[in-house]
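Everything on this sheet refers to the single structure shown next.
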């Protein structure tokens, strides 16, 4: 039997390898929050992505060509114009509005405005759509207004409602629409029309489909469900570059992103499109609540991407206080100043925060002020929240941070090398948060080569999860519609209607589904440099992660010292592909998905062969 096994191995072109695992004597604890999520507004991650709003440019921004994403409707003999009125708006935050002047219209010839959505609007059968807008009218009496979701190609009305706008004072109008037995499609748009001459002013036009857990101002169900399958333990928000802004005035200014949407002024993002700010501070926290994640809050620290720096000392103190107030909004009781504001916004209970990150990628600060800025924030936060763990965005020398944030973006071979990066890290140094990482292979989402690089890197983090306490892939999302991507090799792709997971996404789902609370001593011999492993365990199970990044099968003898005599059941999940270019797409979302199998292990040895280009997770019963 051994002779046949060796012949088979030689035929495969891969020498047999041995993985030795000490089951009975774990060597270190696994961080219970190793796997989490990092997010920022890139690739239409929020607007046009997770944030479920269907209307694009709901606040009527315009350029030389007119009002973006809005079009005039003049059916039959109707006649109308639309323009921006800069003299009136419903709030101090939204001081302008769309002005529609209808000079001719009737029941057979309505006039109005059309919104194209984010590459269409998803309409599903038998679904309820909730909407609202702020409006006023020049009409002496009630002005009937019709709202409808309409199919682009056929013109079929898929859902509709009517309401009356009353008078020349700004007021919010809410409505609901119900679709019938229609085919699910994204080739649809919104129409707002009138059937008589009138002047109508509109602002903050909004339509939401059903959202995850029924949240008002909430998130897309399908994308939230995909994240839930990853079992994330924390969410790092609001990003990244989105936190810093291109300039100080376009940073994530959290005070402008709380309360009703009509009080949020919107702002330019860092990836050449505008943010509605509908995904504000409380929405991030509720996202954490819905997926049972810890909030990991990034605080603006006085550096923006365009090179603006606030020097440590008196100039920085305003931003330090802004950060302390933000923490009070998040964690303070409802009898504190900012905790009371959070309660007013609809969430009386405080949120628990253990980790705060000061800035983002401050190694790009050419003035080299980060050590002083970090120290000023550190001292102020620790004085009020002594148990809070303060994360630095780069190594610093003058003081030891609680945690340091490392970022890795490399091709497949580079991530194979980084898989062993933390094996010899000084355990006396600061803990490590790998706050952004990805194998940059594949577009718009990763291909299988990217998944192999990612899985290899994850084995390195698991083997060293006593020092690497948190990690988060980035970017998390990408809208795959034309013009929706600014950064390739992303984890979850979507369009207006559907979403899918990349091969790397499924690797993360598999790894998170089986994670022990202790790292086990393990070693491999006879394997090449494209074989990777990690082993963790609990008293009831052993989790073995294996990666074969070669084009031929890998015979493997797994020695389970200390697992005990008798039979042990094993569940095996396998993710594999025929080439490293193989991938999933929006049209073919399940080409590469995990395949489950079971096995029985007798004694302390398992003879196993990994397929070529494969990622496997073995969950072995220790009972």
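The values are calculated or read from the model by the stated rules, or taken from the named source; none is laboratory data. Treat the numbers as computed from the prediction; the structure is a model and nothing was measured. So basically every Cβ, Gly included, is an ideal-geometry build from the backbone, and we count neighbours across all protein chains shown.
Could you list, in sequence order, all residues of the stretch 169-184 that are surrounded by fewer than 18 Cβ atoms within 10 Å (Cβ to Cβ) and either modelled with pLDDT under 95 or assigned to a strand (DSSP E or B) (or both)? Those that are surrounded by fewer than 18 Cβ atoms within 10 Å (Cβ to Cβ) and either modelled with pLDDT under 95 or assigned to a strand (DSSP E or B) (or both): 171, 172, 173, 174, 175, 176, 178.
Taken over the stretch 530-550, the criterion of being at pLDDT 95 or above and in a loop (DSSP other than H, G, I, E, B) is satisfied by 530, 538, 549, 550.
Considering only the stretch 148-160, I want to know if a residue exists there that is part of a loop (DSSP other than H, G, I, E, B), touching a residue at least 12 places away in the same chain (Cβ under 8 Å) and more than 21 Å from residue 75 (Cβ to Cβ). Steps first, please.
Filtering the stretch 148-160 for residues part of a loop (DSSP other than H, G, I, E, B) gives 152-156.
Add one more test, that the residue is touching a residue at least 12 places away in the same chain (Cβ under 8 Å), and what stays is 152-153, 156.
Retained after the next criterion (residues that are more than 21 Å from residue 75 (Cβ to Cβ)): none.
The answer is no; no qualifying residue exists.
Among the residues of the stretch 240-253, is any crowded, with 23+ Cβ neighbours inside 10 Å, under 15 Å from the mean Cα position of the chain (by Cα) and part of a helix (DSSP H, G or I)? Within the stretch 240-253, one or more residues are crowded, with 23+ Cβ neighbours inside 10 Å, under 15 Å from the mean Cα position of the chain (by Cα) and part of a helix (DSSP H, G or I). Criterion applied to 26, 32 was being surrounded by fewer than 24 Cβ atoms within 10 Å (Cβ to Cβ) and at pLDDT below 95, and the one residue passing it is 26.
What number of residues within the stretch 367-384 satisfy the criterion of being in contact with a strand residue (DSSP E or B) (Cβ under 8 Å, 6 or more places away or on another chain) and without any contact (Cβ under 8 Å) to a residue 60 or more places away in the chain? First the steps, then the outcome.
If we filter the stretch 367-384 for residues that are in contact with a strand residue (DSSP E or B) (Cβ under 8 Å, 6 or more places away or on another chain), which is where we start, we get 367, 369-370, 373-374, 377-378, 381-382.
Checking the rest, the ones that are also without any contact (Cβ under 8 Å) to a residue 60 or more places away in the chain come to 367, 378, 381-382.
Total meeting the criteria: 4.
One residue alone among 466, 426 is surrounded by fewer than 22 Cβ atoms within 10 Å (Cβ to Cβ) and in contact (Cβ under 8 Å) with a residue 60 or more places away in the chain, and that residue is 466.
Selection over the stretch 481-537 of residues that are in contact (Cβ under 8 Å) with a residue 60 or more places away in the chain and under 23 Å from residue 459 (Cα atoms) gives a count of 39. The residues in the stretch 485-514 that are part of a loop (DSSP other than H, G, I, E, B) and under 20 Å from residue 221 (Cβ atoms) can be counted, and the count is 6.
Mind listing whichever residues of the stretch 98-134 are more than 29 Å from residue 497 (Cα to Cα), assigned to a strand (DSSP E or B) and touching a strand residue (DSSP E or B) at 6+ places or on another chain (Cβ under 9 Å)? Of everything in the stretch 98-134, those that are more than 29 Å from residue 497 (Cα to Cα), assigned to a strand (DSSP E or B) and touching a strand residue (DSSP E or B) at 6+ places or on another chain (Cβ under 9 Å) turn out to be 99, 100, 101, 102, 103, 104, 109.
Scanning the stretch 606-623 for residues that are surrounded by 14 or more Cβ atoms within 10 Å (Cβ to Cβ) and within 23 Å of residue 539 (Cα to Cα) yields 606, 616, 617, 618, 619, 620, 621, 622. Quick one: is residue 420 touching a residue at least 40 places away in the same chain (Cβ under 8 Å) and surrounded by fewer than 18 Cβ atoms within 10 Å (Cβ to Cβ)? It is true that residue 420 is touching a residue at least 40 places away in the same chain (Cβ under 8 Å) and surrounded by fewer than 18 Cβ atoms within 10 Å (Cβ to Cβ). A count restricted to the stretch 551-595 and to residues that are assigned to a loop (DSSP other than H, G, I, E, B), in contact with a strand residue (DSSP E or B) (Cβ under 9 Å, 6 or more places away or on another chain) and surrounded by 20 or more Cβ atoms within 10 Å (Cβ to Cβ) stands at 5. Applying the criterion of being closer than 25 Å to residue 474 by Cα and in a helix (DSSP H, G or I) to the residues of the stretch 339-395, the residue that is nearest to the chain's Cα centre (by Cα) is 362. Residues in the stretch 58-72 that are crowded, with 21+ Cβ neighbours inside 10 Å and farther than 18 Å from residue 130 by Cβ: 59, 60, 70. Could you count how many residues in the stretch 54-76 are in contact (Cβ under 8 Å) with a residue 40 or more places away in the chain and not in a loop (DSSP other than H, G, I, E, B)? Looking only at that region, the number is 4. Looking across the stretch 306-323 at every residue that is surrounded by fewer than 18 Cβ atoms within 10 Å (Cβ to Cβ) and in contact (Cβ under 8 Å) with a residue 60 or more places away in the chain, the one that is nearest to residue 236 (Cα to Cα) is identified as 322.
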